[in-house]
Amino acid sequence: MKLKTILTIIALTSTTTTFACDLHEWNTTIKNGTIESVTKFIKSNNCEINQELDNLSKTPLVYAIENRNMDAITAIVNAGGDVNYDGYDGKTPLYYAINSNQIQSVKYLISHGANTNSFTRTSEITLLMFSILKSTPAITAYLVSHGASLNEQDKYGQKPVDYVKKLAAPLRAPMYRALQKQQ
């Protein structure tokens, strides 16, 4: 009986528990970190990799994207950072990469399983629609070539092509080309 109790105690104490890590420490690490230093920070502090760091539900991955630190993005995703984490109003890490006009981050997130068809909850705008409004033809074309739907509608019944019509005239032609399926 004693052996069973001892084994149970060992099993319970040997599991890894993750913790919410300090926002300031996360920010410092994400801002200046390399793959190695971010990985070391996560492991040595047993950080909860998908913890929300602010009242907008931004995770460490989103902070890494906003800081344009591909090393931190890579380390966080490798440590289990959720590329489809549904934060405030349905904004995912891919949404923030598009918002920051970071094609490299967009490609990386999609290559690691990011959903190209997620949408915000309030206006039900898709990532493709958001990319069009941000006037980023390269990202728009990449989303289309990786499965973003041209047929999804927002809560007002508008499709991605309708969003192109909202752009200034000089921006429309490149965006229409970006919406063409890549063969």
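The values are calculated or read from the model by the stated rules, or taken from the named source; none is laboratory data. Since the structure is predicted, the reported quantities are computational estimates derived from the model, not experimental observations. Every residue, glycine as well, gets a Cβ built from its backbone with ideal geometry; the counts of neighbours run over all protein chains shown.
Each row is one residue, and each column tells you yes or no for (1) under 16 Å from the mean Cα position of the chain (by Cα); (2) of a type in the set (D, E).
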| residue | (1), (2) |
| --- | --- |
| A75 | yes, no |
| A79 | yes, no |
| I98 | yes, no |
| T116 | yes, no |
| T122 | no, no |
| E152 | no, yes |
| A168 | no, no |
| R177 | no, no |
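Restricting attention to the stretch 158-171, which residues are among the basic types (K, R) and loosely packed, with under 14 Cβ neighbours inside 10 Å?
Correct list: K165, K166.
Of the conditions (1) at pLDDT 95 or above; (2) not assigned by the TED database to the domain that holds V77, I103 fails just one. Which one is it?
All conditions are met except number (2).
Filtering the stretch 38-70 down to residues that are among the small types (G, A, S) and within 13 Å of the chain's Cα centre (by Cα), which residue is nearest to T92 (Cα to Cα)?
If we filter the stretch 38-70 for residues that are among the small types (G, A, S), which is where we start, we get 44, 57, 64.
From what's left, within 13 Å of the chain's Cα centre (by Cα): 57, 64.
On the way: S57: 10, A64: 13 Å.
Restricting to residues being among the small types (G, A, S) and within 13 Å of the chain's Cα centre (by Cα), the top hit is S57.
Can you find even one residue in the stretch 50-57 that is modelled with pLDDT of 90 or more and within 22 Å of S105 (Cβ to Cβ)?
Yes, the stretch 50-57 contains at least one residue that is modelled with pLDDT of 90 or more and within 22 Å of S105 (Cβ to Cβ).
Consider A97 against the criteria (1) over 22 Å from P160 (Cα atoms); (2) surrounded by 16 or more Cβ atoms within 10 Å (Cβ to Cβ); (3) touching a Ser or Thr at 6+ places or on another chain (Cβ under 6 Å): it satisfies all of them except one. Which criterion is unmet?
All conditions are met except number (1).
When the residues of the stretch 67-91 are narrowed to those that are at pLDDT 95 or above and under 23 Å from I125 (Cβ atoms), which ends up surrounded by the most Cβ atoms within 10 Å (Cβ to Cβ)?
Here the residue is V83.
Condition first: under 11 Å from K134 (Cβ atoms) and part of a loop (DSSP other than H, G, I, E, B). Now tell me which residues in the stretch 82-101 satisfy that.
The answer is S100, N101.
Within the stretch 103-119, identify whether any single residue is touching a Pro at 6+ places or on another chain (Cβ under 7 Å) and of a type in the set (V, I, T), and answer yes or no.
The answer is no, given that none of the residues of the stretch 103-119 is touching a Pro at 6+ places or on another chain (Cβ under 7 Å) and of a type in the set (V, I, T).
Among what's in the stretch 1-47 and is at pLDDT below 80, surrounded by 10 or more Cβ atoms within 10 Å (Cβ to Cβ) and of a type in the set (S, T, N, Q), pick the residue that is nearest to K58 (Cα to Cα).
Here the answer is T18.
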